[in-house]
Each structure stands twice: as structure tokens, then as C-alpha cells.
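Since every read-out is calculated from the coordinates, none of them should be taken as a lab result. Keep in mind the model is a prediction, meaning the values are calculated, not measured. Please note: Cβ atoms are built from the backbone with ideal geometry, for glycine as well, and neighbour counts cover all protein chains shown.
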Amino acid sequence: PLTHATSSARAAGVAPFPEPTLAALRTIALVGMPGAGKSSVGRHLARRLGVPFADSDARIEARLGETVRSFFERAGEAAFRDLEQATLAELCAGPPAVLATGGGAVLREANRRALHEHATVVYLRAPPEELHRRLRHDTQRPLLQVGDPRAKLQQLFHERDPLYRETAHFVIETGRPSLPTLVGMVLMQLELAGLVDPSRVPSPVEPPRP
Ligand code: S3P
């Protein structure tokens with residue numbers, strides 16, 4: 001068990017892994033539109049909780065040796081969704097982590113079910129106007145490389161908002177907060193729900209424990 005590994009690492013003078021902070025030891029999955037902050041919030045949240053961070057798009061890209069955009073354009077959306085479904089199933093079955101999903105992960109019923117059943121799902125919800133402000137110079141999202149990305153974001157938001165809600169256990173209205181504020185909002189929600197132990201989450205301003 002982890003306590004053994006931790007104390008023997010300490011005895012060996014090796015920096016131990018942080019102790020687990022997820023009370024229920026469930027993966028925390030972030031869902032939401034492109035630009036909602038899933039990857040940035042996920043990376044910081046994982047660090048605060050001392051658990052691994054996984055990003056489904058990054059995993060797909062590592063597997064393919066190709067960017068999502070290039071694969072999407074070359075092989076088509078359905079082929080990308082197949083890979084995405086397989087990757088999410090693997091990540092849901094794996095050890096507890098913080099997981100950032102792709103914005104279209106909720107389109108398939110199988111993914112919605114896998115995420116809802118195997119993870120604590122947090123929907124980072126931002127209005128399409130705000131997403132457009134953040135993504136107006138983006139060149140990496142294949143679905144947004146269109147004449148009117150603002151209208152596209154609005155359309156995607158209206159199609160997907162009910163699906164994100166259906167998949168999620170918690171909805172966080174993001175507005176325009178800073179990244180640390182957003183991470184704090186997610187953590188507070190998880191603490192209130194009894195899913196993480198607040199006494200084990202180090203404050204971002206405290207120096208790391210020796
Ligand atoms: C997609 C969002 C992307 C990526 C792919 C498809 C979508 O992820 O999975 O381009 O359908 O919204 P992000 O949400 O990280 O941009």
C-alpha cells in the first residue's frame with residue numbers, strides 16, 4: 001500500500017509520492033467545450049491532489065505520432081471518435097487520476113456512460129462568447145477552422161450543453177476567473193462533496209512539504 005511505499009521511500013532518502021487526497025479514490029474527469037480550461041485546470045488540479053494527470057487528446061496524439069487536427073482532417077471525424085472512445089475507456093478503467101477529455105467526448109452515449117459511472121465528472125461551463133474570446137486565434141481545433149468560428153461555437157454549445165450536464169456530477173460556471181481561482185472553485189466543490197480530504201490538499205502558497 002501507499003503508506004508503505006511512502007515510508008520506505010522516506011527511509012531510503014527518496015522524495016516520496018504525495019499521499020493520495022482523493023477520499024473515494026475515483027478519477028476526476030473534466031468535460032466542457034474547447035477553451036473551457038479542461039487541460040490547464042486538470043494539470044493544476046492533479047498537482048494539488050498529488051495524483052497523475054491524463055489528457056485524452058494528448059494520449060491520442062502520442063499514440064498516433066500526429067496532431068489531432070491533422071488526423072481529424074486526414075481520416076475524418078468518425079475515425080477520431082473511435083480512437084477517442086477507446087482511449088477514454090482505457091483511462092476510465094485505469095488508476096485514479098485527473099482526466100481532461102476532448103470537447104466532443106460527450107457526443108457518444110458510451111463515453112457519457114463510462115465517464116459518469118467510473119469518474120467524478122466536473123463540467124467547466126463557459127458561455128460561447130467567452131470561449132470565442134479565448135479561442136479567436138486558435139489554429140489547432142479542426143472544428144473551429146471555419147469562416148465564422150463564433151457561430152460554430154454557439155451551435156456546438158447549444159448541441160452539447162445538455163450532454164455535458166447529463167454526463168457531469170457537478171457543474172462549475174467559469175465566467176472569467178483566473179486559472180488559480182478556477183482550480184480553487186473545482187477543489188472547493190470536491191471538498192464540499194466529501195470527495196477530497198481538504199486537510200491533505202496543500203495550499204498553493206505553502207512551500208512543498210519536505
Ligand atoms: C473537439 C475538441 C478537441 C479535440 C478535437 C475535437 C470537439 O479538444 O478533441 O479537436 O469536438 O470539440 P478540446 O476540447 O481540448 O479543444
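According to a simple spin-label model (label point 7 Å from Cα along Cα-to-Cβ), what is the distance in nm between ASP197 and GLU129?
In this crude label model, GLU129 to ASP197 measures out at 4.5 nm.
Using the Cβ atoms and a cut-off under 11 Å, what net charge is assigned to the surroundings of VAL183, where Lys and Arg are +1 and Asp and Glu are -1?
Net charge around VAL183: +3.
What distance in nm separates the simple spin-label points at ARG47 and ALA110, each placed 7 Å from Cα in the Cβ direction?
Here the modelled spin labels are 3.5 nm apart.
Once you list every other residue whose beta carbon is under 14 Å from the beta carbon of SER39, what net charge do they have if Lys and Arg are +1 and Asp and Glu are -1?
So the surrounding residues net to +2.
Using 7 Å Cα-to-Cβ label points, what is the ALA86/LEU25 separation (nm, one decimal)?
For ALA86 paired with LEU25, the spin-label model returns 3.0 nm.
Residue by residue, what Karplus-based ³J(HN,Hα) values in Hz, rounded to whole numbers, does the stretch 80-96 have, using 6.51, -1.76 and 1.60 with θ = phi - 60° and x for Gly and Pro?
Values, residue by residue: 5, 5, 5, 5, 4, 5, 5, 5, 5, 4, 4, 5, 5, 7, x, x, x Hz.
Restricting things to alpha carbons, find the Rg to Rh ratio for the stretch 102-210 using the Kirkwood radius for Rh.
Values: Rg = 16.5 Å, Rh = 16.0 Å.
Result: Rg/Rh = 1.03.
Can you give me the P(r) profile for the stretch 24-106? Cα pairs, bins 10 angstrom wide beginning at 0, each as a whole percent.
19, 51, 26, 4, 0
Could you give the length gained on full extension between ARG150 and GLU77, defined as 0.36 nm per residue of separation minus the Cα-Cα distance, in nm?
Separation in residues times 0.36 nm, less the Cα-Cα distance, equals 24.2 nm.
Per residue, what volume in Å³ does the Cα convex hull of the stretch 63-131 take up?
With only Cα atoms used, the stretch 63-131 gives 115 Å³ per residue.
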